[in-house]
Every structure is written in structure tokens, then in C-alpha cells.
Amino acid sequence: MTDINCISTKMNNTGYLAVYLGCMYAGKTSKLISIYNKNKTAGISTCVINYIEDTVKTYDLKVMEICYDAHNANIPVAELERNGYECVQIPQSCAKLDEPTRNFQDLVRVNQIVHDGNKLLSWSINNCEKDTNSFGEIKISKKSRFKRIDPAATCIFSHKRAMTYWSGVGSKEITDEYLDELWGGR
């Protein structure tokens with residue numbers, strides 16, 4: 001899912017507009033919060049616009065929940081919850097991400113999970129390396145602090161929540177009607 005974040009800053013009699021486009025949790029909101037906080041401290045008038053609501057409406061999405069990494073997420077999560085979204089924090093440890101990471105990796109190997117060649121996702125996947133704790137549990141991490149893995153991490157987060165959700169479905173038959181009930185009409 002792609003969303004757009006914008007920040008508009010009024011400096012003297014001129015304006016400045018920055019637009020950040022990318023998948024959710026690709027670092028756009030953190031960047032906006034950083035700029036906003038600097039401008040607020042400097043007394044510069046700033047407006048932040050987040051278009052998640054428009055994306056949901058445009059594509060007629062039924063949002064079950066929004067997963068997030070707690071790092072710098074207090075403000076956006078509070079806003080999302082205020083707008084009625086259920087937000088679920090995903091702990092960033094090998095212990096918590098081991099099972100979904102291994103399962104995701106296995107499903108990719110047997111072509112049960114594929115993507116459409118999205119360049120941002122491909123780039124972020126290439127920036128990943130395996131992080132292993134002393135118990136042999138794994139998660140993905142960055143090869144370099146200058147590289148981003150947010151789209152790849154978002155896939156793992158979503159897969160973790162899907163595994164949790166589908167394990168609760170039990171033996172209910174998965175039909176087109178059931179999927180329409182879950183995600184709305186196509």
C-alpha cells in the first residue's frame with residue numbers, strides 16, 4: 001500500500017512544500033515529525049498532511065488493524081487510534097519475529113508469496129540481512145544504517161498478524177464470500 005505524506009512550512013513570505021511518497025512505514029512519518037519538531041522549536045509555522053484516509057477511501061479498503069514499530073510512533077499511532085483504527089505494536093526482537101520471518105521465507109521459496117516487482121520493495125529486501133540471537137531466533141535487520149528495510153519489515157509485520165488472525169479462524173472454510181466479508185467487496 002502506498003501513502004503520501006506532505007509537510008508545508010511557511011518561512012518569511014515564501015512557502016516550502018515537501019512531499020514524501022512510499023509504502024506505509026517507510027520512514028516518511030518519522031521524517032515529518034523530525035522536521036515538525038525542529039520547526040516548532042524554531043517558531044516556524046508548519047502544516048503536516050497525511051493521506052492514509054484518502055488511500056483507504058480510494059481503494060475501498062477495509063482496514064482491520066495497523067501494525068507499527070514503536071520507535072518514534074507515539075504521535076502517528078495516537079492520531080490513527082483517534083481516527084478509529086486499531087493499532088498493534090510489533091515488538092522488534094528475534095524472539096517475537098522468528099516464526100513469521102522463517103514462515104515468510106519458506107513461503108517465498110515455494111512461490112506462495114510473490115510481489116509484483118515493486119522497485120522500492122525489491123530495494124528494501126536487498127538491504128536486509130539476517131540478525132540472529134543467542135537462541136538461534138532470527139529477524140531481518142539493515143546491512144547499513146544508511147539503508148532502509150521498512151517495506152520488507154512491513155511485509156513481515158503483516159505476515160505475523162495474518163498468522164495470528166488465520167490461526168484463530170480455525171477450520172472455517174475460506175470462500176470468496178468469506179473473503180468479501182473480511183475485506184469488503186472487490
_the stretch 103-113 - phi-based ³J(HN,Hα) in whole Hz, Karplus 6.51/-1.76/1.60, Gly and Pro as x_ = 5, 4, 4, 5, 5, 5, 4, 9, 6, 8, 10
*Determine, for each peptide in 151-160, 65-74, the mean count of other beta carbons within 10 angstrom over its residues, then list the peptides with the highest first.*
151-160, 65-74
*Restraint check, LYS96/LYS147; LYS119/LYS160; LYS38/LYS139; LYS130/LYS160; LYS40/LYS62, Cα-Cα greater than 28 Å*: LYS38/LYS139; LYS40/LYS62
_Backbone HN-Hα couplings from phi across the stretch 146-162 [Karplus 6.51/-1.76/1.60, Hz, Gly and Pro as x]_ = 8, 9, 10, 10, 3, x, 5, 4, 4, 4, 5, 4, 4, 5, 4, 5, 5
_Phi to ³J(HN,Hα) by Karplus 6.51 cos²θ - 1.76 cosθ + 1.60 over the stretch 116-122, Hz, x for Gly, Pro_ = 7, x, 3, 5, 5, 5, 4
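Since every read-out is calculated from the coordinates, none of them should be taken as a lab result. Note that the structure is a prediction, hence the values are computed from the model and not measured. Positions of Cβ are backbone-derived with ideal geometry, glycine not excepted, and every protein chain shown enters the neighbour counts.
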